[in-house]
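One structure is given here, and the rest of the page talks about it.
The values are calculated or read from the model by the stated rules, or taken from the named source; none is laboratory data. Worth saying up front: this structure is predicted, and the values here are computed from it rather than measured. Ideal geometry is used to build each Cβ from the backbone, glycine not excepted, and the neighbour counts take in all protein chains shown. These accessible areas exclude ligands, DNA and RNA; they are computed on the full protein's heavy atoms, side chains included. Shrake-Rupley method; radii C 1.70, N 1.55, O 1.52, S 1.80 Å.
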Amino acid sequence: MAERVLLTPSSLPLPSERTPTTMALFSGAASARIIPSVSLSSSSRSFFSLSSSSPSLQCLRSSPRISHLFLNQRKAEVRVSSGGYGTVSAPKSFASDPDQLKSAREDIKELLRSKFCHPILIRLGWHDAGTYNKNIEEWPQRGGANGSLRFEIELKHAANAGLVNALKLLQPIKDKYSGVTYADLFQLAGATAVEEAGGPKLPMKYGRVDVSKPEQCPEEGRLPDAGPPSPADHLRQVFYRMGLNDKEIVALSGAHTLGRSRPDRSGWGKPETKYTKDGPGAPGGQSWTVQWLKFDNSYFKDIKEKKDEDLLVLPTDAALFEDPSFKVYAEKYAEDQEAFFKDYAEAHAKLSNLGAKFDPPEGIVIDDSPNAKAEKFVAAKYSTGKRELSEAMKQKIRAEYEAVGGSPDKPLQSNYFLNIMIIIAVLALLTSLLGN
């Protein structure tokens, strides 16, 4: 039976026993998990022989003053068996590699330039995230952006007709960048498509964890229909379940400024129109706007006027100008593209995060967009008066608690004396190393 041996950097002596955190590796369409290493016997344990799952050690690692000591303790794993030595790839720091995310984005841009596939990539990201149910706490049962749409059982849902083509377009990029999860790739592709079509810069973050098997896919029926009996009520039923409001429903609907509906996939639209018969891309279908590869506020203008029979208006589209609450935002966006872009960017980013489990908990930002950056903590801002913490800061604090197995609502149980002893011992070790 194979035995697992851990190798540590020679430049920094480490404890004789360390149990690496269980990591999930994603490669191609398959997923595999590394089982935690087998602990050494009790006779070989030292003062530092703590499992990485120990609350005390987790608290130590989370300390901002000394957490950097653990950053270089990523160990390569080697299996020892009768057949010899075989190296297993080192555990990844996060769900997705930031550098590979950036490179994958450049490949997606090239794909968009050659295939004109902006609409279907946006739809792919939306449909992976749009299964989220805010009333279910457990992951992945709650649905959302978790990469489950790559499995055949979910691709066969009626609302996902044709999305297998989007997966085929992205699969070579996934194969090239195995350090990017499917969940991140789907959302990265959708966000890049919006921006490359002339839309707003989206405040995206990454680090979504993938589900690993088709049994974790959500049941069919969580996505919206195009022609329900009561369109406005249906939209609210679906989007309220996700935690979205009327303004976000209308703003997100504005993405129909891109793309076409094909009757052979959705059952809606004409086989072709004067705007789609020559492409670009595969010809055919019926678009909502004349320039259906340009992201702007034309969708709201054209639906409001309803003057062109070659432009598509679904029952759920018409509801935006018929429902009193929806109409307020639809009228606003028809007149003010800047307001539409602002609200759309916020709603799209929110949708892309629904139901996702992030590693690291605060996510990964690969842009210099000021809207995407985490809020910088300034002590003076919160040390006087009774000023309420911002939502961004509350989320950051909650993420820090959850990273060590705690919660702001439930104080983390920990042996503080042991933590102090560990810190003193680590400092003593460093002093000894520096002295030598």
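How long is the gain from residue 427 to residue 265 if the chain were fully straight, where each residue apart is worth 0.36 nm and the alpha carbon distance is subtracted? Present the calculation step by step, with values, prior to reporting the outcome.
Values: separation 162, 0.36 × 162 = 58.32 nm, distance 6.39 nm.
Contour length minus the Cα-Cα distance gives 51.9 nm.
For the peptides 276-284, 224-232, 104-112, residues were scored by their other Cβ atoms within 10 Å and the scores averaged per peptide; the highest-first order is 104-112, 224-232, 276-284.
Beta carbons within 10 angstrom, averaged per residue: use that to sort the peptides 254-263, 134-143, highest first. Walk me through the numbers before you get to the answer.
Values: 254-263: 23.5, 134-143: 14.8.
Going by the mean number of other Cβ atoms within 10 Å, highest first, we get 254-263, 134-143.
Please compare each pair in 176/342; 332/357; 174/304; 327/357; 247/307 to a cut-off of 32 Å on the Cα-Cα distance and tell me which ones are over it.
Working: 176/342 34 Å; 332/357 34 Å; 174/304 40 Å; 327/357 34 Å; 247/307 25 Å.
In this structure, 176/342; 332/357; 174/304; 327/357 lie more than 32 Å apart at Cα.
If you filter the stretch 248-347 for GluC sites (Glu not before Pro), then keep DSSP loop positions with at most 10 other Cβ within 10 Å, what is left?
Here the sparse-neighbourhood loop sites are 309.
Once backbone amide H atoms are built at 1.01 Å from N, residue 287 has 261, 312 as its partners under 5 Å, excluding neighbours fewer than 5 places away on the same chain. Sequentially through the stretch 185-190, phi angles give Karplus couplings (6.51, -1.76, 1.60; θ = phi - 60°) of 4, 4, 6, 4, 5, x Hz, Gly and Pro residues having no value and appearing as x. Each residue of the stretch 301-308 was assigned a 3J(HN,Hα) from its phi angle through the Karplus curve 6.51 cos²θ - 1.76 cosθ + 1.60 (θ = phi - 60°); the sequence is 5, 5, 5, 5, 7, 6, 9, 10 Hz, with glycine and proline shown as x.
In this structure the amide hydrogen of residue 364, modeled in the peptide plane, comes within under 5 Å of the amide hydrogens of 206, 207, none closer than 5 places in sequence on its chain.
For the stretch 219-365, the Kirkwood estimate of the hydrodynamic radius, built from every pair of different alpha carbons, is 16.2 Å.
Express the carbon and sulfur contribution to the solvent-accessible surface of the stretch 194-294 as a percent, rounded to the nearest whole number, probe 1.4 angstrom. Show your work: numbers first, answer last.
Values: 2080 of 4360 Å².
On the stretch 194-294, the fraction of accessible area on carbon and sulfur atoms equals 48 percent.
Solvent-accessible area per residue in the stretch 115-224 equals 36 Å², computed with a 1.4 angstrom probe and all protein chains kept. Working note: Karplus 6.51/-1.76/1.60 with θ = phi - 60° gives the stretch 115-129 the couplings 10, 6, 9, 3, x, 6, 6, 5, 4, 4, x, 4, 6, 6, 7 Hz, where Gly and Pro are set to x. Rolling a 1.4 Å probe across the protein heavy atoms gives the stretch 245-370 an accessible surface of 45 Å² per residue.
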